[in-house]
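To start, the structure under review is shown below, and the notes come after it.
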Amino acid sequence: MSEKIKIFTISDHPLSPSGVGTQTKYMIEAMLKTGKYRFVSFGGAIKHQEHQPQHTEEWGHDWVIWPVDGYGTADMVRAMIHQQKPDILWFMTDPRFYGWLWQIENEIRQHVPMVYYHVWDNYPYPTFNRPYYISNDHVACISKLTHDIVQTVTPEVESSYIPHAVDPDFFKPMALEEIKGHKAQRGLDGKFLCFFNSRNARRKQSGTIIWWFKEFLDKIGHDKATLIMHTDVKDVHGQDLEAIIHELGLINGEVLFSQEKVSLGDLALAYNMADLTINISDAEGFGLSALESLSCGTPVIATLTGGLQDQITDGKMEFGVGIEPSSKAIIGSQEVPYIYEDRISKEDFLAGMTKMYEMTPAARKKLGTKAIKWVDKQFGFDKYAQRWDDLFQHVYETHGSWDTRTGYRSYEMRAF
């Protein structure tokens, strides 16, 4: 192949700390390292000081990022397609953000195949998403649940399972003595340390975690454990977490907040210091905090929902505690008519916390070592890169682009 394959991506800004942005960056950089690809990217979902094209120092003109408001517009996509002439259009996040893009798929796909990296949280099968799915040449899915949904709702559309990955250069286990030193410096030595690293949003159950953690402390002693929450305590989409800890009297170090942006190294340190990471979301497409934690060798307590259930168990053993939902309420909106909301019970949560607390440090360490092996086997960075490389090569060779475009017609014949 003499020419590099050019891929046009649309997502959160690839240099932003969001899950979507981070996974976009991981994918792009992994492909650039092969020497086979070039990228032009719309970097959206954040406010920009300016909208001039950006280059990274490492990749230069092989990766150009165009800051956009939202995720761009139809006219901006049209201009990028015809000016840059990419071979593939790749885009990622919840389908609710891309209705405008699929409305012009007949214009795009006559020249360029569309690959959608799909995020969906739960059943029942969203048949209302079918018009979106059939508007792509390939749908890559972040979880086994999402893949099953796409295969069931649109069996005629190519799809694959490509779960997320985390950077193994950062998310890895640290030496025990180093961890002890960091805990001692922070006055956390001897504490059973629990970590929460998610957005303070309704579905993340951040307020519930504090309320139930207080009952856990009532059982084992308020001086025995600490909950660190790396989140925005005043997020408009969540609860006032400071008000909750004052209401419950958890103002003596039982609950600590980390609100500033931190480096990946500092985040990995927090996972390593923790004995347990908590993610009991009632809806979770993937749940990166669980994978980051397991990659560091720290067990997880999590709801068996969405992509979390792919991570916490290999089908035979659990790398922490997976909690089956005690209720499945059908919720929805005008855009999403129905979807399950998976809630766990307080009793199951407290039982899981107690189980992990009563394990010896050596037993938790052994469990964490098994988790690291599982992560490497199923979610390893090399496998992540190979999956994307294989997919892009397949799309490029099978579907073509511009003069070599095959397998797509912008119209269909119907009998009346």
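The values are calculated or read from the model by the stated rules, or taken from the named source; none is laboratory data. Keep in mind that what you see is a predicted model, and the values were worked out from it rather than measured. For neighbour counting, all protein chains shown are included, and Cβ atoms are generated from backbone atoms with ideal geometry for every residue, glycine included.
Scanning the range 244-267 for residues that are buried (at least 21 other Cβ atoms within 10 Å of the Cβ) and modelled with pLDDT under 95 turns up just one, Leu267. Can you report the number of residues in the range 274-285 which are over 16 Å from Glu324 (Cβ atoms) and crowded, with 22+ Cβ neighbours inside 10 Å? Residues flagged as over 16 Å from Glu324 (Cβ atoms) and crowded, with 22+ Cβ neighbours inside 10 Å within the range 274-285 amount to 5.
State whether the residues of the range 45-62 include one that is buried (at least 19 other Cβ atoms within 10 Å of the Cβ), in contact with a strand residue (DSSP E or B) (Cβ under 7 Å, 6 or more places away or on another chain) and among the hydroxyl-bearing types (Ser, Thr, Tyr). There is no residue in the range 45-62 that is buried (at least 19 other Cβ atoms within 10 Å of the Cβ), in contact with a strand residue (DSSP E or B) (Cβ under 7 Å, 6 or more places away or on another chain) and among the hydroxyl-bearing types (Ser, Thr, Tyr).
Among the numbered conditions (1) in a loop (DSSP other than H, G, I, E, B); (2) buried (at least 20 other Cβ atoms within 10 Å of the Cβ); (3) in contact with a Cys (Cβ under 9 Å, 6 or more places away or on another chain), the only one that Val150 does not meet is (1).
Within the range 327-347, does at least one residue satisfy the condition of being in the same structural domain as Trp374 (by TED's automatic domain parsing), within 19 Å of the chain's Cα centre (by Cα) and small (Gly, Ala, Ser)? No, every residue in the range 327-347 fails to be in the same structural domain as Trp374 (by TED's automatic domain parsing), within 19 Å of the chain's Cα centre (by Cα) and small (Gly, Ala, Ser).
Of all the numbered requirements in (1) exposed (fewer than 14 other Cβ atoms within 10 Å of the Cβ); (2) modelled with pLDDT under 95, Ile330 misses one, and that requirement is (2). Applying a threshold of 7 Å to beta carbon distances and a minimum spacing of six or more residues, or different chains, the list of pairs starting in the range 280-294 at a residue that is more than 16 Å from Tyr26 (Cβ to Cβ) and ending at one that is among the hydroxyl-bearing types (Ser, Thr, Tyr) and part of a helix (DSSP H, G or I) reads Ser293/Tyr271. Within the range 216-235, the set of residues being surrounded by fewer than 14 Cβ atoms within 10 Å (Cβ to Cβ) and either modelled with pLDDT under 95 or part of a loop (DSSP other than H, G, I, E, B) (or both) comprises Gly221, Asp223, Lys234. Screening the range 297-320 for residues that are aliphatic (A, V, I, L, M) and surrounded by 21 or more Cβ atoms within 10 Å (Cβ to Cβ) and picking the one that is farthest from His164 (Cα to Cα) gives Ile301.
Within the range 135-151, residues that are more than 13 Å from Asn122 (Cβ to Cβ) reach partners that are assigned to a helix (DSSP H, G or I) and of a type in the set (A, V, I, L, M, F, W, C) with beta carbons closer than 6 Å, at six or more positions or on different chains, in the pairs Ser135/Trp102; His138/Val395; Val139/Val150; Cys141/Val150. Of all residues in the range 182-213, those satisfying the criterion of being within 22 Å of Leu264 (Cα to Cα), charged (D, E, K, R) and outside any loop (DSSP other than H, G, I, E, B) are Lys183, Lys204.
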